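Step one of this worksheet: look at the structure below.
The values are calculated or read from the model by the stated rules, or taken from the named source; none is laboratory data. In this text the structure is predicted, and so the values were computed from the model without any measurement. Virtual Cβ from ideal backbone geometry, glycine too; neighbours counted across all protein chains shown.
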Amino acid sequence: MANHNNRVTSAYKAFIASLAYSVIYFVWFSGEIHSTYASQLLFPGLLFYLLLRYDSERKVWMLVAAGVSFALGAGFRPSDGVFLLPMVAYYALTRLGWKKGVGFLAFCSVLCLGWLWPTVLAYRRTPGGIAGAVHYVSFATSYRSPVAEINWYSIANVVRFVLAVVFAFWPILGVAVYHGWKQRSDWRTRMLVIWIVPGAIFFVLSHMGEAPYLNYMTAAVLLIAVASTRMMVLMAVWNAALFLFFVPIPSSQLAVNVLNGYVGRFTRVAIEQQWLPSRPDFEAFKHQPTN
């Protein structure tokens, strides 16, 4: 990542991390179904890369490209844009200086306004329109939030987040926490932590729809742990096996069905059965709730 003094790691370790990135089970799923989730595999990482490049080379086009990257990523998934905004603001105000930093944030904001009219038009064509969207957000962030009330919805919300994180990243979770703490004085590490934290808090305390919601922060987790090559390889092998070979586990146990519904939904078998619903043992699996 980045040039010269702002390299995060060696080219070899970056290649291994990129390989691992490509096979994380819900990342692979996102790419297969061509959803807007997949956009968050590119734009946050590209934004971080361009900011590092600008910091070392000071070429204006890199800063402009970073603003465009942020605006495009935020346009495809506005919530993810909000999650990334603290990282952008931290960089702008600590690495660019007050005047240039405010100018960069204003530039990003103006670009984001370009999504306003297309979004209004889209909502006009959806059932319930803007009012329906506001009602759903209000419901998701209140009744389904453990902050508002402890109920089955809010418990499921936390379970979805924890399962997705653990099943995808368990080989490097400890490494990421250790490196994040050890390198906490490095401004680049601080950016990565700020990249992760806002969305993670929102998902745990407000609304976690499904595993691909984590796409926006996945690159940051890998970048913090990028130096641990062996664990990165283990994570890649584990995720590839999970995606390719997972099949629903027949059981009446709640824990097993939670695993089927919250993890298995984002594997190869789920994509296959969406189009070829022929296996009897898939019936319970495909009717698992999505929210």
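Of the residues that sit in the range 110-122 and are surrounded by 15 or more Cβ atoms within 10 Å (Cβ to Cβ) and part of a helix (DSSP H, G or I), which one is farthest from the chain's Cα centre (by Cα)?
Among residues in the range 110-122 that are surrounded by 15 or more Cβ atoms within 10 Å (Cβ to Cβ) and part of a helix (DSSP H, G or I), the one farthest from the chain's Cα centre (by Cα) is LEU111.
Select from the range 223-272 the residues that are touching a residue at least 40 places away in the same chain (Cβ under 8 Å), part of a helix (DSSP H, G or I) and polar (S, T, N, Q) and write down the one among them that is nearest to SER22 (Cα to Cα).
Filtering first and then ranking leaves ASN239.
Can you pull out every residue in the range 22-48 that is in contact with a helix residue (DSSP H, G or I) (Cβ under 8 Å, 6 or more places away or on another chain) and outside any helix (DSSP H, G or I)?
ILE24, SER35, LEU42, listed by residue number.
For the list (1) part of a helix (DSSP H, G or I); (2) over 28 Å from ARG190 (Cβ atoms), I need the number of the one condition that PHE107 fails.
(2)
Which residue pairs have Cβ atoms closer than 6 Å, lie 6 or more positions apart in sequence or on different chains, and pair a first residue in the range 162-188 that is within 15 Å of ALA220 (Cβ to Cβ) with a second residue that is part of a helix (DSSP H, G or I) and of a type in the set (Ser, Thr, Tyr)?
Pairs that qualify, where the first residue is within 15 Å of ALA220 (Cβ to Cβ) and the partner is part of a helix (DSSP H, G or I) and of a type in the set (Ser, Thr, Tyr), are GLN183/THR189.
Condition test on MET87, is it in contact (Cβ under 8 Å) with a residue 24 or more places away in the chain and either not small (Gly, Ala, Ser) or not in a helix (DSSP H, G or I) (or both)? Spell out how you get there, then give the answer.
On the way: in contact (Cβ under 8 Å) with a residue 24 or more places away in the chain: yes; either not small (Gly, Ala, Ser) or not in a helix (DSSP H, G or I) (or both): yes.
Considered against the rule, which asks whether it is in contact (Cβ under 8 Å) with a residue 24 or more places away in the chain and either not small (Gly, Ala, Ser) or not in a helix (DSSP H, G or I) (or both), MET87 comes out as yes.
Any chance you could count how many residues in the range 90-107 are without any contact (Cβ under 8 Å) to a residue 60 or more places away in the chain, in contact with a helix residue (DSSP H, G or I) (Cβ under 7 Å, 6 or more places away or on another chain) and either surrounded by 16 or more Cβ atoms within 10 Å (Cβ to Cβ) or among the aromatic types (Phe, Trp, Tyr) (or both)? Quick ask: steps written out before the conclusion?
Residues of the range 90-107 without any contact (Cβ under 8 Å) to a residue 60 or more places away in the chain: 92-93, 96-107.
So of that shortlist, the ones also in contact with a helix residue (DSSP H, G or I) (Cβ under 7 Å, 6 or more places away or on another chain) come out as 92-93, 96, 101, 104-105, 107.
Of the ones still in play, those that are also either surrounded by 16 or more Cβ atoms within 10 Å (Cβ to Cβ) or among the aromatic types (Phe, Trp, Tyr) (or both) are 92, 96, 101, 104-105, 107.
Of the residues in that region, 6 qualify.
Does at least one position in the range 183-191 carry a residue that is surrounded by 17 or more Cβ atoms within 10 Å (Cβ to Cβ), among the aliphatic types (A, V, I, L, M) and not in a loop (DSSP other than H, G, I, E, B)? Quick ask: steps written out before the conclusion?
The first filter runs over the range 183-191 and keeps only residues surrounded by 17 or more Cβ atoms within 10 Å (Cβ to Cβ), leaving 188-191.
Those still in the list that are among the aliphatic types (A, V, I, L, M) too: 191.
Adding the requirement that they be not in a loop (DSSP other than H, G, I, E, B) leaves 191.
Taking every residue of the range 183-191 in turn, at least one turns out to be surrounded by 17 or more Cβ atoms within 10 Å (Cβ to Cβ), among the aliphatic types (A, V, I, L, M) and not in a loop (DSSP other than H, G, I, E, B).
State which residue pairs qualify: first residue modelled with pLDDT of 95 or more and inside the range 42-66, second residue surrounded by fewer than 21 Cβ atoms within 10 Å (Cβ to Cβ) and of a type in the set (Phe, Trp, Tyr) in any location, beta carbons under 8 Å apart, and separation of 6 or more residues or different chains.
Cβ pairs passing all conditions: PHE43/PHE76; VAL64/PHE107.
Can you tell me which residues in the range 49-84 are part of a helix (DSSP H, G or I) and among the basic types (Lys, Arg)? Steps first, answer last, please.
Quick first cut of the range 49-84, residues part of a helix (DSSP H, G or I) only: 49-57, 60-76, 78-84.
Once the filter is applied, which keeps residues that are part of a helix (DSSP H, G or I) and among the basic types (Lys, Arg), the range 49-84 yields only ARG53.
Identify the single condition in (1) within 15 Å of VAL110 (Cβ to Cβ); (2) surrounded by fewer than 19 Cβ atoms within 10 Å (Cβ to Cβ); (3) under 16 Å from the mean Cα position of the chain (by Cα) that PRO78 does not satisfy, given that it satisfies every other one.
With (1) within 15 Å of VAL110 (Cβ to Cβ); (2) surrounded by fewer than 19 Cβ atoms within 10 Å (Cβ to Cβ); (3) under 16 Å from the mean Cα position of the chain (by Cα) applied to PRO78, the lone miss is (1).
Which one is farthest from the chain's Cα centre (by Cα) among residues in the range 151-188 that are among the polar types (S, T, N, Q) and more than 25 Å from SER138 (Cα to Cα)? Steps first, please.
Let us first name the residues in the range 151-188 that are among the polar types (S, T, N, Q), namely 151, 154, 157, 183, 185.
From what is left, the residues that are more than 25 Å from SER138 (Cα to Cα) are 183, 185.
Working: GLN183: 22, SER185: 24 Å.
If we take residues in the range 151-188 being among the polar types (S, T, N, Q) and more than 25 Å from SER138 (Cα to Cα), then SER185 is farthest from the chain's Cα centre (by Cα).
Which residues, taken from the range 92-104, are in a helix (DSSP H, G or I) and of a type outside the set (Ser, Thr, Tyr)? Reasoning before the result, please.
Initially, the range 92-104 is screened for residues in a helix (DSSP H, G or I), giving 92-95, 98-104.
Listed by number, the residues that qualify are ALA92, LEU93, ARG95, TRP98, LYS99, LYS100, GLY101, VAL102, GLY103, PHE104.
Of the residues SER154, SER145, which is under 16 Å from MET208 (Cα atoms), in contact with a His (Cβ under 9 Å, 6 or more places away or on another chain) and among the small types (Gly, Ala, Ser)? Working first, answer last.
Details: SER154 fails: in contact with a His (Cβ under 9 Å, 6 or more places away or on another chain).
It is SER145.
Could you go through the range 198-205 and let me know if any residue there is in contact (Cβ under 8 Å) with a residue 12 or more places away in the chain and part of a loop (DSSP other than H, G, I, E, B). Steps first, answer last, please.
Applying the first criterion (in contact (Cβ under 8 Å) with a residue 12 or more places away in the chain) to the range 198-205 yields 198-200, 202-205.
Remaining after also requiring part of a loop (DSSP other than H, G, I, E, B): none.
Looking for residues that are in contact (Cβ under 8 Å) with a residue 12 or more places away in the chain and part of a loop (DSSP other than H, G, I, E, B), one finds none in the range 198-205, hence no.
Just to verify a result, which residue in the range 143-179, among those that are buried (at least 19 other Cβ atoms within 10 Å of the Cβ) and of a type outside the set (A, V, I, L, M, F, W, C), is farthest from VAL204 (Cα to Cα)?
Within the range 143-179, the match that is farthest from VAL204 (Cα to Cα) is HIS179.
Of (1) crowded, with 18+ Cβ neighbours inside 10 Å; (2) more than 17 Å from THR189 (Cα to Cα), TRP61 satisfies all except one. Which?
That leaves (1) as the condition not met.
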